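I'd like to ask some things about the structure below.
The values are calculated or read from the model by the stated rules, or taken from the named source; none is laboratory data. Worth saying up front: this structure is predicted, and the values here are computed from it rather than measured. Methodologically, a virtual Cβ is constructed for each residue, glycine included, from the backbone with ideal geometry; neighbour enumeration extends over all protein chains shown. SASA here: full protein model, heavy atoms, side chains in, ligands and nucleic acids out. Shrake-Rupley method; radii C 1.70, N 1.55, O 1.52, S 1.80 Å.
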Amino acid sequence: MDDSPDPAVVTWAPGRVNLIGEHTDYSGGLVLPIAIQYGILVRASPAGSEIRLESEGYGAAEPVAADGGGETARGWARYAQAVAAELADAGRQAVGMTGTVSSDLPAGSGLSSSAALEVAVGLALCAVADFELEPLELALLCQRAELRAVGVPCGILDQAACLLGREGKAILLDCDSLEHRLIHVPAEAALLIVDSGAPRSLEHTAYGERRSQLEHAMQLIGATRSTDVGLSNLAGLDDVSARRLRHVVTENARVERFAAALEAGDLAAAGRLLHESHASLRDDYEVSIPELDLLVELAEEAGAFGARLLGGGFGGSVLVLTDAGRAHDVVGAVGTEYRRRTGVGGETLLVRASAGAGRR
Ligand code: GLA
């Protein structure tokens, strides 16, 4: 692969871990993500009228036109193609580039590797064409690219976290107004990501179905953003609509309480909210699977403050909050017992709140 020593542009974009506020972004609700220290690096130089990228892990991507036009590319090239097409649709000059992509971010674990790829490529395309976008403008553009590339109608969570991240801080984001505020993450909080070994791909899950069900429920009560909805609005709704909406209403409240608990340094309270979030995602939103439930149970038995499924659900990983001093023991106990029972997974990453995407 081309490892030319002096690419004109080096960009980096991190994965994200959403501390709490799951399946709330696409109804204009609240989320509280961090950017993590693992991510995707693009090294590129302007070249010709095409985008040619090669990845350490996935090999050469099919070349695509600098403006993202033409037939839909196969494989991971479609992410770069979709970002290029969105930039062209936004009236930006299309400049081709050639470069390499490398990553230390596990794919398919619920850490938003696709958003990181979109953002890293988006920043590189802006840089080779010599312009910059505001972080949230690029986040919205990459969110549209995700839909264009793989048809996943995701919310703004992943791309916003990737671009807004700060060292040691979580981002309390209102997904309707896009107003956000940084929340300090206490140093004693250890954040563990434990892989279930059940791969997650939102294209192949009921993500779109959940989104439609929630939108239907919101229409029934005439709400446009979930932060305007209260539990009293659920009366009289059909069972599925009521449960989907109840998750979102209670989850929005948990986000605010979790942010307050972090600010007060009350990790036990934060852990209880993770536990409640998981129960709500499992029972009301129905996006869990037995493997994720088992990991949450094992983590809590091992003495963690709390745990819950991470991201869209249906596989991937769980987030475990524990005291930094106990992290090592929790990792050992959960990994060993999970592998003993299932024969797979149990790999753990210790993540920390880190800086967001940018040029390197
Ligand atoms: C996926 C989507 C996000 C968000 C989460 C669930 O990660 O990409 O937009 O909806 O699921 O919170």
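Under the condition of being farther than 23 Å from residue 225 by Cα and open to solvent by less than 30 Å² (accessible area, probe 1.4 Å), which residue from segment 146-161 is nearest to the ligand (Cβ to nearest atom)?
Looking at residues that are farther than 23 Å from residue 225 by Cα and open to solvent by less than 30 Å² (accessible area, probe 1.4 Å), I get 150.
Results for (1) without any contact (Cβ under 8 Å) to a residue 60 or more places away in the chain; (2) among the acidic types (Asp, Glu); (3) part of a loop (DSSP other than H, G, I, E, B), shown as yes or no for each residue.
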residue	(1), (2), (3)
12	no, no, no
21	no, no, yes
26	no, no, no
35	no, no, no
42	no, no, no
70	yes, no, yes
74	yes, no, yes
78	no, no, no
81	no, no, no
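Checking the condition open to solvent by 20 Å² or more (accessible area, probe 1.4 Å), farther than 30 Å from residue 313 by Cβ and hydrophobic (A, V, I, L, M, F, W, C), which residue from 44, 8 passes?
8
The rows are residues; the columns are (1) in a helix (DSSP H, G or I); (2) surrounded by fewer than 19 Cβ atoms within 10 Å (Cβ to Cβ).
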| site | (1), (2) |
| --- | --- |
| 186 | no, yes |
| 197 | no, no |
| 209 | yes, yes |
| 227 | yes, no |
| 237 | no, yes |
| 245 | yes, no |
| 254 | yes, no |
| 269 | yes, yes |
| 272 | yes, yes |
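Got a number for residues in segment 110-141 being within 16 Å of the ligand (Cβ to nearest atom), of a type in the set (A, V, I, L, M) and surrounded by fewer than 24 Cβ atoms within 10 Å (Cβ to Cβ)?
The total comes to 3.
Do we have residue 177 as in a helix (DSSP H, G or I), of a type in the set (Gly, Ala, Ser), open to solvent by 50 Å² or more (accessible area, probe 1.4 Å) and out of contact with any Asp or Glu (no Cβ under 6 Å at 6 or more places or on another chain) here?
Considered against the rule, which asks whether it is in a helix (DSSP H, G or I), of a type in the set (Gly, Ala, Ser), open to solvent by 50 Å² or more (accessible area, probe 1.4 Å) and out of contact with any Asp or Glu (no Cβ under 6 Å at 6 or more places or on another chain), residue 177 comes out as no.
Right, another one. Quick check on segment 116-132. Is at least one of its residues in contact with an Asp or Glu (Cβ under 6 Å, 6 or more places away or on another chain), among the aromatic types (Phe, Trp, Tyr) and touching a residue at least 12 places away in the same chain (Cβ under 8 Å)?
no
May I ask you to verify whether residue 214 is farther than 25 Å from residue 137 by Cα and surrounded by 15 or more Cβ atoms within 10 Å (Cβ to Cβ)?
Spelling it out, residue 214 is indeed farther than 25 Å from residue 137 by Cα and surrounded by 15 or more Cβ atoms within 10 Å (Cβ to Cβ).
Matching residues to (1) hydrophobic (A, V, I, L, M, F, W, C); (2) more than 13 Å from the ligand (Cβ to nearest atom); (3) under 22 Å from residue 294 (Cβ atoms):
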| residue | (1), (2), (3) |
| --- | --- |
| 165 | no, yes, no |
| 187 | yes, yes, no |
| 199 | no, yes, yes |
| 208 | no, no, no |
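Can you run down the residue pairs with Cβ atoms below 9 Å, 6 or more apart or on separate chains, where the first is in segment 291-319 and under 25 Å from residue 155 (Cα atoms) and touching a residue at least 40 places away in the same chain (Cβ under 8 Å) and the partner is basic (Lys, Arg) and part of a strand (DSSP E or B)?
From residues that are under 25 Å from residue 155 (Cα atoms) and touching a residue at least 40 places away in the same chain (Cβ under 8 Å), the pairs are 292/308; 311/16; 318/308; 319/308.
Conditions (1) away from the ligand (no atom under 16 Å from the Cβ); (2) over 20 Å from the mean Cα position of the chain (by Cα); (3) surrounded by fewer than 16 Cβ atoms within 10 Å (Cβ to Cβ), marked per residue:
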residue: 275; (1), (2), (3): yes, no, no
residue: 282; (1), (2), (3): no, no, no
residue: 298; (1), (2), (3): yes, yes, no
residue: 303; (1), (2), (3): yes, yes, yes
residue: 313; (1), (2), (3): no, no, no
residue: 316; (1), (2), (3): no, no, no
residue: 354; (1), (2), (3): yes, no, no
